[in-house]
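Step one of this worksheet: look at the structure below.
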Amino acid sequence: APEVQARVHLARAVALGPELLVLEHPTAMVPAGAASALAADIVRLAGARRLTVIAVTEDAGFARMVGGRRLALDPSSGVLAAARAGRRWWGRS
């Protein structure tokens, strides 16, 4: 199952003891219901192992669950369109 594969990949990456975990579209192949469980696993592991996590995703819900700081890029130009740290968003004019 895709959600099991995602957890196996996560476990393999974390087993190496990194300080930084980079995830590219971590929920792309995971069913919607399993994405929140995967996000919870990532948050728990990052906290327990003091990992910095960088995730590239189009899944806004996943980004809200995992990210302490979030950046939104303009889809046509790739330029920073908005950023969020905590509860406030700020954007470029």
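Quick notes
- Checking each residue in the stretch 1-25 for being in contact with an Asp or Glu (Cβ under 8 Å, 6 or more places away or on another chain) and more than 15 Å from Gly47 (Cα to Cα) picks out Arg7, His25.
- Residue count, the stretch 26-61 (criterion: in contact with a Ser or Thr (Cβ under 8 Å, 6 or more places away or on another chain) and either more than 15 Å from Arg7 (Cβ to Cβ) or of a type in the set (Asp, Glu) (or both)): 3
- Close pairs from the stretch 1-23: first closer than 22 Å to Ala63 by Cβ, partner of a type in the set (A, V, I, L, M) and open to solvent by 80 Å² or more (accessible area, probe 1.4 Å), Cβ under 6 Å, at least 6 apart: Pro2/Met29; Val22/Ile54
The values are calculated or read from the model by the stated rules, or taken from the named source; none is laboratory data. Every value quoted in this text rests on a predicted model; they were computed, and no experiment measured them. Here the Cβ is made from the backbone with ideal geometry for all residues, glycine too, and neighbour counts use every protein chain on show. In case anyone asks, the SASA skips ligands and DNA or RNA and just uses the protein heavy atoms, side chains included. Shrake-Rupley method; radii C 1.70, N 1.55, O 1.52, S 1.80 Å.
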